[in-house]
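Data block below; observations after.
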Amino acid sequence: MFTESNTIYILKGVLSLSDKFLIVIQAGPQDVGRAFHGLTYGQELHDEGYEVKIYFDGMGTQWIKEFDNPSHIFHSIFKEVQKLGIIKGACGYCTNFFDIEEEVNGAGVFVVGGAKDGHFSFVEHIKEGYTPIIM
């Protein structure tokens, strides 16, 4: 694999990157680094002029209540990224499954559905030209 401009060549195929990125935070409780970096990558891309959407999905939805806690080490970065308006939501099915919908709403994060059974719709964003980054 090698890169040239905004194109990544993978074996025989070509994947062209857009200026739009979809960051999906699925990191579990043991993966604070992945959850944190999902926020900071989004912030960095946004600051450089890229269009960015961040969603929390699966076990990653649980990070919202953790990051919203003022005593959490990454609370301030969560709030900074939230102020940028790039945190677009959390999977409705998953917040319901983990019984955290109230905490997610209380943190100011929208609960979203759109796919089967109220899950976050991944394909909707791919169809809109977003390049996915799964954390």
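Please give the contour-minus-distance gain from residue 19 to residue 41: 0.36 nm per residue of separation, less the Cα-Cα distance, rounded to one decimal in nm. Intermediate results must be reported in sequence, preceding the final value.
Values: separation 22, 0.36 × 22 = 7.92 nm, distance 1.39 nm.
Additional length available on full extension: 6.5 nm.
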Under 19 Å from a point placed 7 Å out from the Cα of residue 134 along the Cα-to-Cβ direction: which residues of the stretch 60-80 have their backbone N that close? 60-63
For helix 75-84, what angle does its Cα long axis make with the longest principal axis of the chain, in degrees from 0 to 90 and rounded to 10? 60 degrees
Computed from the coordinates I sent, Cα Rg over 2.2 N^0.38 Å equals one of [x] 1.07; [y] 1.24; [z] 0.96. Tell me the label. [x]
How many Lys pairs in the chain lie less than 21 angstrom apart by Cα atoms, where the lysines are 8 or more positions apart or on different chains? 17
Relative contact order for the stretch 18-134: what percent, with Cα pairs under 8 Å and sequence separation of 6 or more? 30 percent
Helix 32-47 versus the longest principal axis of the chain: what is the Cα-based angle in degrees, 0 to 90, to the nearest 10? 60 degrees
Return the Rg/Rh value of the stretch 84-135, two decimal places, where both radii are evaluated on C-alpha atoms and Rh is the Kirkwood radius. 0.99
Ranked by Cβ crowding within 10 angstrom, fewest neighbours first, how are 71, 76 ordered? 71, 76
Test item: Cα-centred dipole of the chain, Lys/Arg +1 and Asp/Glu -1 on Cβ, debye: 260 debye
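Every number in this text was worked out from the coordinates using simple rules, so none of it is lab data. Every value quoted in this text rests on a predicted model; they were computed, and no experiment measured them. Cβ atoms come from the backbone with ideal geometry, glycine included; neighbour counts cover every protein chain shown.
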